[in-house]
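See below for the structure under consideration.
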Amino acid sequence: MPKVSVHWFRHGLRLHDNPALLEGIKDSDKFYAVFIYDGETAGTKITGYNRAQFLYESLRDLDNQLHEVGSQLFVFKGDAIEIFTQLHEEVGITHLTFEQDCEAIWNQRDNGVRKMCSELGIAVVERVSHTLWDPLKIIEANGGLPPLTYEMFVQVSQMLGPPPHPVPDPVWDNVIFGELSDELALRLKLYPQVPTPEEMGLACGVEAPVYIGGEQAALAHLKDRLRVEEDAFRDGYILPNQVNPDLLGPPMSMSAALRFGCLSTRKFYWDVQETYTRINNGEPPASYSLTAQLIWREFFYCMSANNPQYDKMENNPICIQIPWYNNPAHLSAWEKGKTGYPFIDACMRQLHKEGWIHHVCRTAVACFLTRGDLWISWEDGLKVFYKYLIDADWSVAAGNWMWISSSAFERQLDCSVCICPVEYGRRLEPTGDYIRRYVPELASLPQEYVFEPWKATLPIQQKFGCILGKDYPHRIVIHETASKANCKMMKSIRKKFKRAPKHCAPSNSDEIKQYLRLPKACFHNVL
(Lines give C-alpha, C1' and ligand atoms only; values in the text may rest on other atoms or scores of the structure.)
Protein backbone atom coordinates (compact mmCIF):
# COMPACT_ATOMS: atom_id res chain seq x y z
CA MET A 1 0.00 0.00 0.00
CA PRO A 2 1.45 3.43 -0.91
CA LYS A 3 2.23 5.74 1.99
CA VAL A 4 0.07 8.86 1.77
CA SER A 5 1.00 11.24 4.58
CA VAL A 6 -0.62 14.37 5.93
CA HIS A 7 1.26 16.61 8.34
CA TRP A 8 -1.18 18.66 10.39
CA PHE A 9 0.31 22.01 11.39
CA ARG A 10 -1.27 23.44 14.56
CA HIS A 11 1.18 25.35 16.76
CA GLY A 12 4.51 24.09 15.39
CA LEU A 13 4.49 26.49 12.44
CA ARG A 14 8.02 25.78 11.23
CA LEU A 15 10.09 23.38 9.17
CA HIS A 16 13.20 23.24 11.39
CA ASP A 17 13.31 20.88 14.39
CA ASN A 18 10.00 19.29 13.48
CA PRO A 19 10.34 15.55 14.16
CA ALA A 20 6.69 14.80 13.33
CA LEU A 21 7.14 16.46 9.93
CA LEU A 22 10.23 14.34 9.26
CA GLU A 23 8.19 11.22 10.00
CA GLY A 24 5.55 12.42 7.56
CA ILE A 25 7.88 12.91 4.60
CA LYS A 26 10.02 9.79 5.24
CA ASP A 27 9.41 7.18 2.52
CA SER A 28 6.19 8.93 1.58
CA ASP A 29 4.61 8.30 -1.82
CA LYS A 30 2.44 11.40 -1.45
CA PHE A 31 2.71 14.17 1.11
CA TYR A 32 0.29 16.94 2.08
CA ALA A 33 0.94 19.82 4.53
CA VAL A 34 -2.31 20.99 6.14
CA PHE A 35 -3.57 23.73 8.45
CA ILE A 36 -7.21 23.86 9.57
CA TYR A 37 -9.10 26.92 10.79
CA ASP A 38 -11.43 25.14 13.19
CA GLY A 39 -12.24 28.20 15.30
CA GLU A 40 -9.80 27.36 18.09
CA THR A 41 -6.44 26.07 16.82
CA ALA A 42 -3.52 28.47 17.19
CA GLY A 43 -5.53 30.86 19.34
CA THR A 44 -8.25 31.73 16.85
CA LYS A 45 -11.14 31.43 19.30
CA ILE A 46 -10.45 34.75 21.02
CA THR A 47 -8.28 36.94 18.85
CA GLY A 48 -7.67 40.54 17.94
CA TYR A 49 -6.04 41.85 14.80
CA ASN A 50 -2.41 41.58 15.92
CA ARG A 51 -2.68 37.90 16.84
CA ALA A 52 -4.51 37.13 13.61
CA GLN A 53 -1.90 39.04 11.59
CA PHE A 54 0.95 37.13 13.24
CA LEU A 55 -0.76 33.82 12.47
CA TYR A 56 -1.39 34.92 8.88
CA GLU A 57 2.26 35.85 8.40
CA SER A 58 3.37 32.55 9.95
CA LEU A 59 1.15 30.48 7.66
CA ARG A 60 2.13 32.55 4.62
CA ASP A 61 5.80 31.98 5.43
CA LEU A 62 5.21 28.22 5.59
CA ASP A 63 3.28 28.33 2.33
CA ASN A 64 6.05 30.29 0.60
CA GLN A 65 8.72 27.85 1.77
CA LEU A 66 6.66 24.90 0.59
CA HIS A 67 6.11 26.56 -2.78
CA GLU A 68 9.88 26.81 -3.16
CA VAL A 69 10.12 23.02 -3.05
CA GLY A 70 7.12 22.42 -5.29
CA SER A 71 4.25 22.11 -2.81
CA GLN A 72 1.91 24.31 -0.82
CA LEU A 73 0.23 24.61 2.57
CA PHE A 74 -3.36 23.41 2.22
CA VAL A 75 -5.43 25.72 4.45
CA PHE A 76 -8.95 24.51 5.20
CA LYS A 77 -11.86 25.80 7.23
CA GLY A 78 -13.98 23.40 9.23
CA ASP A 79 -13.87 20.42 11.58
CA ALA A 80 -10.64 18.42 11.56
CA ILE A 81 -12.37 15.03 11.76
CA GLU A 82 -14.65 15.80 8.82
CA ILE A 83 -11.79 17.11 6.71
CA PHE A 84 -9.47 14.18 7.42
CA THR A 85 -12.29 11.69 6.82
CA GLN A 86 -12.96 13.14 3.38
CA LEU A 87 -9.25 13.30 2.57
CA HIS A 88 -8.99 9.64 3.53
CA GLU A 89 -11.88 8.76 1.20
CA GLU A 90 -10.51 10.77 -1.71
CA VAL A 91 -6.71 10.50 -1.52
CA GLY A 92 -6.26 7.49 0.76
CA ILE A 93 -4.44 8.90 3.78
CA THR A 94 -2.40 6.23 5.51
CA HIS A 95 -0.41 8.37 7.98
CA LEU A 96 -1.25 11.52 9.95
CA THR A 97 1.59 13.30 11.73
CA PHE A 98 1.48 16.24 14.12
CA GLU A 99 3.38 17.88 16.95
CA GLN A 100 2.11 17.21 20.47
CA ASP A 101 -0.21 19.88 21.87
CA CYS A 102 0.26 19.06 25.55
CA GLU A 103 -2.28 21.51 26.99
CA ALA A 104 -5.46 19.91 28.31
CA ILE A 105 -7.61 22.26 26.24
CA TRP A 106 -6.64 20.33 23.09
CA ASN A 107 -7.34 16.83 24.46
CA GLN A 108 -10.90 16.56 23.17
CA ARG A 109 -9.91 17.64 19.66
CA ASP A 110 -6.88 15.34 19.47
CA ASN A 111 -8.62 12.35 21.08
CA GLY A 112 -11.39 12.66 18.52
CA VAL A 113 -8.89 12.69 15.67
CA ARG A 114 -7.02 9.71 17.12
CA LYS A 115 -10.27 7.75 17.42
CA MET A 116 -11.17 8.57 13.81
CA CYS A 117 -7.73 7.45 12.62
CA SER A 118 -8.02 4.21 14.54
CA GLU A 119 -11.39 3.46 12.93
CA LEU A 120 -10.11 4.28 9.44
CA GLY A 121 -6.80 2.47 9.80
CA ILE A 122 -4.70 5.64 9.62
CA ALA A 123 -1.41 5.50 11.52
CA VAL A 124 -0.96 8.44 13.90
CA VAL A 125 2.55 9.74 14.54
CA GLU A 126 2.77 12.36 17.30
CA ARG A 127 6.08 13.84 18.41
CA VAL A 128 7.11 16.21 21.22
CA SER A 129 8.83 19.40 20.07
CA HIS A 130 6.74 22.32 21.37
CA THR A 131 8.29 21.81 24.81
CA LEU A 132 11.77 20.88 26.01
CA TRP A 133 10.50 17.75 27.74
CA ASP A 134 7.31 15.77 27.39
CA PRO A 135 5.12 17.10 30.26
CA LEU A 136 3.46 13.71 30.59
CA LYS A 137 6.84 12.08 31.24
CA ILE A 138 7.61 14.74 33.86
CA ILE A 139 4.31 13.91 35.57
CA GLU A 140 5.02 10.17 35.33
CA ALA A 141 8.50 10.61 36.80
CA ASN A 142 6.97 12.59 39.68
CA GLY A 143 4.66 9.76 40.67
CA GLY A 144 1.65 10.68 38.56
CA LEU A 145 1.28 14.30 39.69
CA PRO A 146 2.85 17.46 38.27
CA PRO A 147 5.68 18.89 40.41
CA LEU A 148 4.04 21.38 42.76
CA THR A 149 6.83 23.98 42.71
CA TYR A 150 9.33 25.27 40.20
CA GLU A 151 12.17 23.84 42.29
CA MET A 152 10.54 20.40 42.24
CA PHE A 153 10.06 20.69 38.47
CA VAL A 154 13.77 21.41 38.00
CA GLN A 155 14.68 18.37 40.10
CA VAL A 156 12.38 16.04 38.18
CA SER A 157 13.46 17.35 34.77
CA GLN A 158 17.10 16.80 35.74
CA MET A 159 16.23 13.16 36.42
CA LEU A 160 15.12 12.87 32.79
CA GLY A 161 18.35 14.43 31.55
CA PRO A 162 18.91 17.47 29.33
CA PRO A 163 16.37 18.33 26.63
CA PRO A 164 16.84 16.64 23.24
CA HIS A 165 18.81 18.54 20.63
CA PRO A 166 16.94 19.75 17.53
CA VAL A 167 16.46 17.26 14.71
CA PRO A 168 17.83 18.02 11.20
CA ASP A 169 15.95 20.18 8.72
CA PRO A 170 13.74 18.31 6.20
CA VAL A 171 15.27 17.23 2.90
CA TRP A 172 12.71 17.55 0.14
CA ASP A 173 14.64 16.03 -2.79
CA ASN A 174 12.70 12.77 -3.00
CA VAL A 175 9.36 13.91 -1.59
CA ILE A 176 6.37 13.59 -3.91
CA PHE A 177 3.73 16.19 -3.13
CA GLY A 178 0.04 15.41 -3.40
CA GLU A 179 -2.57 17.56 -5.11
CA LEU A 180 -6.31 18.05 -4.70
CA SER A 181 -8.92 18.20 -7.42
CA ASP A 182 -10.86 21.43 -7.82
CA GLU A 183 -14.06 19.62 -6.85
CA LEU A 184 -12.55 18.24 -3.64
CA ALA A 185 -10.95 21.58 -2.77
CA LEU A 186 -14.34 23.28 -3.09
CA ARG A 187 -16.06 20.61 -1.00
CA LEU A 188 -13.42 20.85 1.75
CA LYS A 189 -13.53 24.66 1.80
CA LEU A 190 -9.89 24.98 0.78
CA TYR A 191 -8.72 28.58 0.80
CA PRO A 192 -7.10 29.57 -2.51
CA GLN A 193 -4.38 31.19 -0.43
CA VAL A 194 -3.70 31.87 3.23
CA PRO A 195 -6.56 34.15 4.36
CA THR A 196 -5.71 37.59 5.70
CA PRO A 197 -7.16 38.87 8.98
CA GLU A 198 -9.48 41.09 6.96
CA GLU A 199 -10.77 38.05 5.07
CA MET A 200 -11.39 36.43 8.46
CA GLY A 201 -13.55 39.40 9.49
CA LEU A 202 -10.99 41.43 11.48
CA ALA A 203 -10.28 45.04 10.61
CA CYS A 204 -7.07 46.91 11.41
CA GLY A 205 -7.56 50.01 13.54
CA VAL A 206 -4.77 51.46 15.66
CA GLU A 207 -2.80 48.22 15.52
CA ALA A 208 0.83 48.35 14.43
CA PRO A 209 2.41 45.05 15.51
CA VAL A 210 6.10 45.05 16.37
CA TYR A 211 6.54 41.36 15.58
CA ILE A 212 6.51 39.74 12.16
CA GLY A 213 5.17 36.21 12.11
CA GLY A 214 6.84 33.25 10.50
CA GLU A 215 9.80 30.92 10.80
CA GLN A 216 12.21 32.97 8.74
CA ALA A 217 11.51 36.16 10.70
CA ALA A 218 11.89 34.19 13.96
CA LEU A 219 15.28 32.77 12.96
CA ALA A 220 16.51 36.24 11.96
CA HIS A 221 15.29 37.63 15.30
CA LEU A 222 17.03 34.80 17.11
CA LYS A 223 20.37 35.91 15.67
CA ASP A 224 19.81 39.39 17.13
CA ARG A 225 18.79 37.93 20.49
CA LEU A 226 21.86 35.69 20.64
CA ARG A 227 24.10 38.72 20.10
CA VAL A 228 22.46 40.34 23.15
CA GLU A 229 23.00 37.14 25.14
CA GLU A 230 26.62 36.97 23.99
CA ASP A 231 27.31 40.56 25.05
CA ALA A 232 25.83 39.81 28.47
CA PHE A 233 27.97 36.68 28.87
CA ARG A 234 31.09 38.67 27.96
CA ASP A 235 30.16 41.24 30.62
CA GLY A 236 29.71 38.50 33.21
CA TYR A 237 25.94 38.30 33.69
CA ILE A 238 22.96 36.34 32.36
CA LEU A 239 19.28 36.98 31.52
CA PRO A 240 19.89 40.39 29.88
CA ASN A 241 16.23 40.86 29.00
CA GLN A 242 15.46 40.62 32.72
CA VAL A 243 18.40 42.49 34.21
CA ASN A 244 18.06 45.48 31.90
CA PRO A 245 14.44 45.71 30.71
CA ASP A 246 14.31 48.23 27.87
CA LEU A 247 10.77 49.52 27.50
CA LEU A 248 11.66 51.94 24.72
CA GLY A 249 13.81 49.72 22.50
CA PRO A 250 12.66 47.02 20.10
CA PRO A 251 11.47 43.92 21.98
CA MET A 252 14.03 41.14 22.29
CA SER A 253 11.67 38.49 23.64
CA MET A 254 11.23 35.35 21.53
CA SER A 255 7.90 34.57 23.19
CA ALA A 256 5.68 35.21 20.16
CA ALA A 257 7.73 32.93 17.91
CA LEU A 258 7.81 30.24 20.61
CA ARG A 259 4.08 30.47 21.24
CA PHE A 260 3.21 29.78 17.58
CA GLY A 261 6.11 27.38 17.16
CA CYS A 262 7.80 29.48 14.48
CA LEU A 263 10.94 28.96 16.53
CA SER A 264 11.80 25.67 18.18
CA THR A 265 12.18 26.04 21.93
CA ARG A 266 14.84 23.34 21.80
CA LYS A 267 16.83 25.33 19.26
CA PHE A 268 16.54 28.47 21.38
CA TYR A 269 17.59 26.56 24.50
CA TRP A 270 20.61 24.90 22.95
CA ASP A 271 21.74 27.99 21.01
CA VAL A 272 21.84 29.96 24.27
CA GLN A 273 23.65 27.11 26.05
CA GLU A 274 26.21 26.77 23.28
CA THR A 275 26.77 30.52 23.12
CA TYR A 276 27.53 30.57 26.84
CA THR A 277 29.90 27.61 26.56
CA ARG A 278 31.76 29.21 23.65
CA ILE A 279 32.19 32.54 25.42
CA ASN A 280 33.36 30.81 28.61
CA ASN A 281 36.04 28.67 26.96
CA GLY A 282 34.10 25.44 27.00
CA GLU A 283 32.76 25.77 30.55
CA PRO A 284 29.04 24.80 30.57
CA PRO A 285 26.54 26.76 32.69
CA ALA A 286 26.10 25.49 36.22
CA SER A 287 22.30 25.28 36.21
CA TYR A 288 19.08 26.02 34.36
CA SER A 289 19.26 29.66 35.49
CA LEU A 290 20.73 30.59 32.12
CA THR A 291 17.43 29.70 30.43
CA ALA A 292 15.12 30.16 33.43
CA GLN A 293 12.39 31.81 31.37
CA LEU A 294 12.11 28.71 29.19
CA ILE A 295 12.01 26.48 32.27
CA TRP A 296 9.15 28.54 33.73
CA ARG A 297 7.33 27.98 30.44
CA GLU A 298 7.85 24.23 30.83
CA PHE A 299 6.62 24.34 34.42
CA PHE A 300 3.33 25.99 33.47
CA TYR A 301 2.79 23.59 30.56
CA CYS A 302 3.32 20.68 32.94
CA MET A 303 0.92 22.12 35.54
CA SER A 304 -1.84 22.46 32.94
CA ALA A 305 -1.37 19.17 31.07
CA ASN A 306 -4.05 17.24 33.01
CA ASN A 307 -6.16 20.16 34.21
CA PRO A 308 -8.88 21.16 31.71
CA GLN A 309 -10.10 23.89 34.13
CA TYR A 310 -6.65 25.45 34.35
CA ASP A 311 -7.71 28.83 32.93
CA LYS A 312 -10.78 29.05 35.18
CA MET A 313 -11.19 29.86 38.86
CA GLU A 314 -14.10 27.53 39.64
CA ASN A 315 -13.41 23.78 39.67
CA ASN A 316 -9.69 24.48 39.25
CA PRO A 317 -7.97 22.43 41.98
CA ILE A 318 -4.91 24.70 42.17
CA CYS A 319 -6.77 28.02 42.33
CA ILE A 320 -7.93 29.86 45.44
CA GLN A 321 -11.59 30.90 45.22
CA ILE A 322 -11.59 34.67 45.71
CA PRO A 323 -14.80 36.78 45.66
CA TRP A 324 -13.64 39.31 43.06
CA TYR A 325 -15.66 42.42 42.24
CA ASN A 326 -17.77 42.65 39.11
CA ASN A 327 -17.13 46.20 37.90
CA PRO A 328 -17.52 46.51 34.11
CA ALA A 329 -16.65 50.23 34.14
CA HIS A 330 -13.32 49.66 35.89
CA LEU A 331 -12.55 46.66 33.69
CA SER A 332 -13.24 48.68 30.57
CA ALA A 333 -11.08 51.59 31.76
CA TRP A 334 -8.22 49.18 32.46
CA GLU A 335 -8.58 47.43 29.10
CA LYS A 336 -8.65 50.71 27.16
CA GLY A 337 -5.77 52.31 29.06
CA LYS A 338 -7.91 54.96 30.73
CA THR A 339 -7.37 54.30 34.44
CA GLY A 340 -5.80 57.69 35.16
CA TYR A 341 -2.50 56.01 36.07
CA PRO A 342 -0.10 56.92 33.24
CA PHE A 343 2.24 53.93 33.49
CA ILE A 344 -0.62 51.42 33.61
CA ASP A 345 -2.36 53.17 30.72
CA ALA A 346 0.85 53.27 28.66
CA CYS A 347 1.26 49.51 29.09
CA MET A 348 -2.31 48.75 28.06
CA ARG A 349 -2.20 51.07 25.05
CA GLN A 350 1.06 49.51 23.89
CA LEU A 351 -0.65 46.13 24.21
CA HIS A 352 -3.53 47.29 22.01
CA LYS A 353 -1.27 48.83 19.39
CA GLU A 354 1.65 46.42 19.19
CA GLY A 355 0.35 43.15 20.58
CA TRP A 356 3.17 42.88 23.08
CA ILE A 357 4.40 44.37 26.35
CA HIS A 358 7.45 43.52 28.43
CA HIS A 359 7.04 41.01 31.23
CA VAL A 360 7.58 43.72 33.86
CA CYS A 361 4.67 45.65 32.33
CA ARG A 362 2.48 42.56 32.42
CA THR A 363 3.24 42.19 36.10
CA ALA A 364 2.21 45.80 36.75
CA VAL A 365 -1.11 45.74 34.87
CA ALA A 366 -2.08 42.31 36.24
CA CYS A 367 -1.43 43.34 39.83
CA PHE A 368 -3.33 46.61 39.28
CA LEU A 369 -6.40 44.81 37.90
CA THR A 370 -6.53 42.14 40.60
CA ARG A 371 -5.26 42.26 44.17
CA GLY A 372 -3.43 45.59 43.87
CA ASP A 373 -6.13 48.11 43.06
CA LEU A 374 -9.31 47.08 41.23
CA TRP A 375 -9.99 43.66 42.82
CA ILE A 376 -11.29 42.30 39.49
CA SER A 377 -10.90 38.62 38.58
CA TRP A 378 -7.77 37.43 36.84
CA GLU A 379 -10.06 35.57 34.42
CA ASP A 380 -11.21 38.91 33.02
CA GLY A 381 -7.63 40.02 32.55
CA LEU A 382 -6.69 36.73 30.94
CA LYS A 383 -9.44 37.15 28.31
CA VAL A 384 -8.04 40.57 27.40
CA PHE A 385 -4.55 39.10 27.04
CA TYR A 386 -5.92 36.25 24.91
CA LYS A 387 -7.35 38.82 22.54
CA TYR A 388 -4.52 41.32 22.26
CA LEU A 389 -1.28 39.65 23.34
CA ILE A 390 0.37 37.86 20.43
CA ASP A 391 2.26 35.41 22.63
CA ALA A 392 -0.58 34.58 25.06
CA ASP A 393 -1.12 30.85 25.21
CA TRP A 394 -3.43 28.79 27.36
CA SER A 395 -0.93 27.52 29.92
CA VAL A 396 1.63 30.25 30.48
CA ALA A 397 -0.80 33.17 30.34
CA ALA A 398 -3.23 31.60 32.83
CA GLY A 399 -0.37 30.54 35.10
CA ASN A 400 1.02 34.06 35.16
CA TRP A 401 -2.37 35.57 35.95
CA MET A 402 -3.04 33.12 38.77
CA TRP A 403 0.34 33.86 40.29
CA ILE A 404 0.18 37.65 40.14
CA SER A 405 -3.37 37.69 41.53
CA SER A 406 -2.31 35.50 44.49
CA SER A 407 -4.72 32.82 43.26
CA ALA A 408 -2.12 30.05 42.82
CA PHE A 409 1.59 29.28 42.75
CA GLU A 410 2.41 31.78 45.48
CA ARG A 411 3.39 31.95 49.11
CA GLN A 412 6.01 34.67 49.56
CA LEU A 413 4.38 36.97 46.99
CA ASP A 414 1.34 37.63 49.16
CA CYS A 415 -1.19 40.39 49.46
CA SER A 416 0.81 42.38 52.02
CA VAL A 417 2.92 43.92 49.27
CA CYS A 418 1.60 45.01 45.89
CA ILE A 419 3.03 47.01 43.03
CA CYS A 420 2.68 50.78 43.19
CA PRO A 421 1.47 51.87 39.73
CA VAL A 422 3.45 55.10 40.07
CA GLU A 423 6.80 54.24 41.65
CA TYR A 424 7.15 50.93 39.85
CA GLY A 425 6.94 52.62 36.47
CA ARG A 426 9.24 55.43 37.58
CA ARG A 427 11.90 52.93 38.61
CA LEU A 428 11.65 50.96 35.37
CA GLU A 429 11.76 53.96 33.02
CA PRO A 430 12.46 57.18 34.97
CA THR A 431 12.53 59.51 31.93
CA GLY A 432 8.78 59.18 31.36
CA ASP A 433 9.39 58.78 27.64
CA TYR A 434 7.59 55.44 27.66
CA ILE A 435 4.46 57.20 28.94
CA ARG A 436 4.87 60.05 26.46
CA ARG A 437 5.07 57.57 23.58
CA TYR A 438 1.88 55.68 24.39
CA VAL A 439 -0.13 58.33 26.25
CA PRO A 440 0.54 61.34 24.02
CA GLU A 441 -1.98 63.59 25.82
CA LEU A 442 0.54 63.71 28.69
CA ALA A 443 3.57 64.35 26.48
CA SER A 444 3.76 68.08 27.07
CA LEU A 445 3.56 67.92 30.88
CA PRO A 446 6.72 68.76 32.84
CA GLN A 447 8.70 65.78 34.07
CA GLU A 448 7.49 66.03 37.66
CA TYR A 449 3.87 65.46 36.58
CA VAL A 450 4.17 62.78 33.88
CA PHE A 451 3.83 59.90 36.36
CA GLU A 452 1.36 61.74 38.62
CA PRO A 453 -0.64 64.26 36.54
CA TRP A 454 -3.16 64.73 39.40
CA LYS A 455 -0.48 66.68 41.24
CA ALA A 456 -0.54 69.40 38.59
CA THR A 457 -2.71 72.37 39.51
CA LEU A 458 -5.45 73.44 37.11
CA PRO A 459 -3.40 76.42 35.81
CA ILE A 460 -0.51 74.04 35.04
CA GLN A 461 -2.89 71.62 33.32
CA GLN A 462 -4.28 74.49 31.23
CA LYS A 463 -0.83 75.80 30.39
CA PHE A 464 0.35 72.47 29.01
CA GLY A 465 -2.90 71.46 27.34
CA CYS A 466 -3.84 68.45 29.46
CA ILE A 467 -6.88 68.99 31.66
CA LEU A 468 -7.81 66.04 33.84
CA GLY A 469 -11.32 64.81 33.21
CA LYS A 470 -11.23 66.24 29.70
CA ASP A 471 -7.96 65.38 27.96
CA TYR A 472 -6.94 62.59 30.33
CA PRO A 473 -9.11 60.77 32.88
CA HIS A 474 -9.05 61.17 36.63
CA ARG A 475 -7.83 58.17 38.59
CA ILE A 476 -10.56 55.55 38.82
CA VAL A 477 -9.32 54.55 42.30
CA ILE A 478 -6.85 56.00 44.79
CA HIS A 479 -4.07 53.45 44.99
CA GLU A 480 -3.16 54.05 48.63
CA THR A 481 -6.75 53.50 49.77
CA ALA A 482 -7.67 50.66 47.41
CA SER A 483 -4.50 48.64 47.99
CA LYS A 484 -4.90 48.78 51.77
CA ALA A 485 -8.53 47.64 51.55
CA ASN A 486 -7.58 44.83 49.16
CA CYS A 487 -4.78 43.75 51.47
CA LYS A 488 -7.24 43.38 54.34
CA MET A 489 -9.62 41.36 52.18
CA MET A 490 -6.90 38.98 51.05
CA LYS A 491 -5.69 38.45 54.61
CA SER A 492 -9.26 37.77 55.68
CA ILE A 493 -9.59 35.14 52.96
CA ARG A 494 -6.34 33.52 53.99
CA LYS A 495 -7.42 33.24 57.61
CA LYS A 496 -10.32 31.04 56.50
CA PHE A 497 -7.90 28.39 55.23
CA LYS A 498 -6.84 25.83 57.79
CA ARG A 499 -3.91 25.14 55.51
CA ALA A 500 -2.85 26.73 52.24
CA PRO A 501 -3.58 24.81 49.01
CA LYS A 502 -0.60 22.62 48.14
CA HIS A 503 0.16 24.29 44.84
CA CYS A 504 0.43 27.78 46.31
CA ALA A 505 4.01 27.53 47.45
CA PRO A 506 7.12 28.66 45.61
CA SER A 507 10.31 27.38 47.15
CA ASN A 508 11.77 30.69 48.32
CA SER A 509 11.95 34.43 47.65
CA ASP A 510 14.75 33.99 45.09
CA GLU A 511 12.38 31.91 42.99
CA ILE A 512 9.85 34.75 43.06
CA LYS A 513 12.42 37.29 41.88
CA GLN A 514 13.43 34.94 39.08
CA TYR A 515 9.82 34.41 38.05
CA LEU A 516 8.94 38.10 38.03
CA ARG A 517 12.07 38.97 36.01
CA LEU A 518 12.43 42.24 37.89
CA PRO A 519 15.54 44.40 37.83
CA LYS A 520 17.12 44.90 41.25
CA ALA A 521 15.68 48.41 41.45
CA CYS A 522 12.22 46.85 41.77
CA PHE A 523 12.96 44.08 44.28
CA HIS A 524 11.39 46.16 47.03
CA ASN A 525 8.03 45.36 45.46
CA VAL A 526 8.24 41.70 46.45
CA LEU A 527 10.30 41.69 49.65
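The values are calculated or read from the model by the stated rules, or taken from the named source; none is laboratory data. Here the structure is a predicted model, which means the values were calculated and not measured. Virtual Cβ from ideal backbone geometry, glycine too; neighbours counted across all protein chains shown. For accessibility, only protein heavy atoms count, side chains too; no ligands or nucleic acids. Shrake-Rupley method; radii C 1.70, N 1.55, O 1.52, S 1.80 Å.
See the values below:
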| read-out | value |
| --- | --- |
| Total residues in segment 112-139, condition among the polar types (S, T, N, Q), part of a helix (DSSP H, G or I) and either buried (at least 20 other Cβ atoms within 10 Å of the Cβ) or under 24 Å from the mean Cα position of the chain (by Cα) (or both) | 0 |
| Residue ID - modelled with the lowest pLDDT, chosen from residues in segment 320-341 that are farther than 26 Å from residue 256 by Cα and open to solvent by less than 10 Å² (accessible area, probe 1.4 Å) | 322 |
| Any chance residue 248 is farther than 18 Å from residue 37 by Cβ, open to solvent by 40 Å² or more (accessible area, probe 1.4 Å), part of a helix (DSSP H, G or I) and touching a residue at least 12 places away in the same chain (Cβ under 8 Å) | no |
| Test: residue in segment 271-286 that is part of a helix (DSSP H, G or I), of a type in the set (Lys, Arg) and surrounded by 22 or more Cβ atoms within 10 Å (Cβ to Cβ) | no |
| Members of segment 211-245 that are assigned to a helix (DSSP H, G or I) and among the charged types (D, E, K, R) | 215, 223, 224, 225, 227, 229, 230, 231, 234 |
| Residue check, residue 169 at pLDDT 95 or above, of a type in the set (Asp, Glu), assigned to a loop (DSSP other than H, G, I, E, B) and open to solvent by 70 Å² or more (accessible area, probe 1.4 Å) | yes |
| Tally of residues being over 16 Å from residue 60 (Cβ atoms) and not in a loop (DSSP other than H, G, I, E, B) across segment 184-202 | 4 |
| Spans of strands (runs of 3 or more DSSP E) in segment 1-90 with at least 1 residues among the charged types (D, E, K, R) and more than 24 Å from the chain's Cα centre (by Cα) | 30-37, 73-77 |
| Pairs where the first residue, in segment 464-478, is over 23 Å from residue 375 (Cα atoms) and the second is open to solvent by 70 Å² or more (accessible area, probe 1.4 Å) and not β-branched (Val, Ile, Thr), C-beta under 7 Å, 6+ apart | 468/474 |
| Residue check, residue 94 among the hydroxyl-bearing types (Ser, Thr, Tyr), within 22 Å of the chain's Cα centre (by Cα) and crowded, with 19+ Cβ neighbours inside 10 Å | no |
| Test: residue in segment 39-58 that is at pLDDT 95 or above, touching a strand residue (DSSP E or B) at 6+ places or on another chain (Cβ under 8 Å) and buried (at least 19 other Cβ atoms within 10 Å of the Cβ) | no |
| Flag if residue 103 is within 20 Å of residue 263 (Cα to Cα), in contact (Cβ under 8 Å) with a residue 12 or more places away in the chain, of a type outside the set (A, V, I, L, M) and open to solvent by 20 Å² or more (accessible area, probe 1.4 Å) | no |
| Within segment 299-313, considering residues that are in a loop (DSSP other than H, G, I, E, B) and hydrophobic (A, V, I, L, M, F, W, C), the one nearest to residue 154 (Cα to Cα) | 305 |
| Residues satisfying the stated conditions in segment 92-105, i.e. at pLDDT 95 or above and β-branched (Val, Ile, Thr) | 93, 94, 97 |
| Segment 290-300, residues that are within 15 Å of the chain's Cα centre (by Cα) and either without any contact (Cβ under 8 Å) to a residue 40 or more places away in the chain or surrounded by fewer than 24 Cβ atoms within 10 Å (Cβ to Cβ) (or both) | 293, 294, 295, 296, 297 |
| Looking only at segment 433-463, and only at residues there that are free of Cβ contacts under 8 Å to residues at least 24 places away in the same chain and buried (at least 17 other Cβ atoms within 10 Å of the Cβ), the one that is farthest from residue 344 (Cα to Cα) | 461 |
| In segment 145-157, the residues that are touching a residue at least 60 places away in the same chain (Cβ under 8 Å), among the polar types (S, T, N, Q) and open to solvent by 40 Å² or more (accessible area, probe 1.4 Å) | none |
| Test result for residue 185, surrounded by fewer than 16 Cβ atoms within 10 Å (Cβ to Cβ), free of Cβ contacts under 8 Å to residues at least 12 places away in the same chain and touching a strand residue (DSSP E or B) at 6+ places or on another chain (Cβ under 9 Å) | yes |
| Qualifying residues in segment 190-204 (those that are farther than 15 Å from residue 54 by Cβ and loosely packed, with under 14 Cβ neighbours inside 10 Å) - the one farthest from the chain's Cα centre (by Cα) | 192 |
| From the options 34, 75, 69, residue that is open to solvent by 20 Å² or more (accessible area, probe 1.4 Å), among the aliphatic types (A, V, I, L, M) and at pLDDT 95 or above | 69 |
| So residue 205, is it touching a residue at least 40 places away in the same chain (Cβ under 8 Å), of a type outside the set (Val, Ile, Thr), outside any helix (DSSP H, G or I) and over 30 Å from residue 29 (Cα atoms) | yes |
| Residues of segment 205-224 satisfying the condition of being surrounded by 21 or more Cβ atoms within 10 Å (Cβ to Cβ) and either of a type in the set (Lys, Arg) or under 22 Å from residue 351 (Cβ atoms) (or both) | 211, 213, 214, 218, 221 |
